[in-house]
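Single-structure report; data block below.
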Amino acid sequence: MSAGPPFFRYHPDPLASGSIRTSADTCACCKRDTGWIYTATFYTAHEVNGRFCPWCIADGSAAQRFAGEFTDSYGLDGVSEDVLHEVTRRTPGFHAWQDPRWLVHCQDAAAYVGEVGYTELAAHPEALDQLRTEMRLDGWHDENQLEHFLTHLGDGASAMLFRCTVCGTHLAYADAS
Ligand SMILES: [Zn+2]
Ligand SMILES: [Zn+2]
């Protein structure tokens, strides 16, 4: 295969995020060796012998065949049924310490960028602000503690960075180990 994996609107660079990597493994769904394999989450009650190629994710065949989802619908509130299905059944999930959750902005699912530390997060001040606000609402009342947590992201805990597919703003949530 000369071309790379198919394009995923809600996970535009799964190679950078580590969810898809080059591999000589055979896909558990189509049984082909495409040169690429998916490495992150898949939730199913069925037994899956191996991993999937990105094409079987993109066309929905892996999710359909094994009645599974790459991402739980947790957090995907206020998006259309089509978007919900595209994210949970036709988009690569990602590696996280806790159960991954998908962020929403402008009533559309955001695109997953990757796991980042403070420096990368601070490059998107709006994402840092949004995370700070959310953590205050979550009960972080000690500002020093909160800033210490934020500035140490990437060292133990990290931030999951997304970009809105509509307005382009960045947003994030904190993933603790
Ligand atoms: Zn396949
Ligand atoms: Zn937006």
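The values are calculated or read from the model by the stated rules, or taken from the named source; none is laboratory data. Just so it is clear, the structure is predicted and the values come from calculations on it, not from any experiment. Please note: Cβ atoms are built from the backbone with ideal geometry, for glycine as well, and neighbour counts cover all protein chains shown.
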Next item on the list: Can you confirm whether region 83-104 contains a residue that is in a loop (DSSP other than H, G, I, E, B), acidic (Asp, Glu) and closer than 20 Å to Ser19 by Cα?
Entry: yes
Margin query: Against the condition assigned to a loop (DSSP other than H, G, I, E, B) and either among the β-branched types (Val, Ile, Thr) or surrounded by 18 or more Cβ atoms within 10 Å (Cβ to Cβ) (or both), how does Val79 come out, does it pass?
Written below: yes
Notebook entry, point to check: Would region 130-141 turn up any residue that is more than 16 Å from ligand 1 (Cβ to nearest atom), of a type in the set (Lys, Arg), at pLDDT 95 or above and in contact with a strand residue (DSSP E or B) (Cβ under 9 Å, 6 or more places away or on another chain)?
Noted result: no
Margin query: Being more than 16 Å from ligand 1 (Cβ to nearest atom) and among the charged types (D, E, K, R) is the filter here; which residues of region 1-47 pass it?
Written below: Arg9, Asp13, Glu47
Next item on the list: Find all pairs meeting these conditions: Cβ atoms under 7 angstrom apart; at least six residues apart or on different chains; first residue within region 43-65 and more than 20 Å from Pro14 (Cβ to Cβ) and assigned by TED's automatic domain parsing to the domain that holds Thr22; second residue of a type in the set (A, V, I, L, M) and crowded, with 18+ Cβ neighbours inside 10 Å.
Entry: Asn49/Ala28
Checklist line | Any pair with Cβ under 8 angstrom, 6 or more apart, that starts in region 122-139 at a residue that is surrounded by 14 or more Cβ atoms within 10 Å (Cβ to Cβ) and ends at one that is of a type in the set (Val, Ile, Thr) | finding: Ala127/Thr169
Check: In region 4-34, how many are more than 22 Å from Gly114 (Cβ to Cβ) and assigned to a loop (DSSP other than H, G, I, E, B)?
Finding: 10
Check: Take the residues of region 43-57 that are buried (at least 17 other Cβ atoms within 10 Å of the Cβ) and not in a loop (DSSP other than H, G, I, E, B): which is farthest from ligand 2 (Cβ to nearest atom)?
Finding: Arg51
Next item on the list: May I ask you to list the residues in region 58-90 that are within 16 Å of ligand 2 (Cβ to nearest atom) and of a type in the set (Asp, Glu)?
Entry: Asp77
Check: Restricting to helices (runs of 4 or more DSSP H) lying wholly in region 112-177: which have 3 or more residues that are more than 14 Å from ligand 2 (Cβ to nearest atom) and under 23 Å from Gly18 (Cα atoms)?
Finding: 118-122
Check: Restricting to region 111-127, what's the tally of residues that are within 22 Å of Val166 (Cβ to Cβ) and in contact with a Phe, Trp or Tyr (Cβ under 9 Å, 6 or more places away or on another chain)?
Finding: 5
Next item on the list: Give the residue, chosen from Ala176, Ala123, Ala111, that is more than 22 Å from Ser73 (Cα to Cα) and either of a type in the set (Gly, Ala, Ser) or not assigned by TED's automatic domain parsing to the domain that holds Val79 (or both).
Entry: Ala123
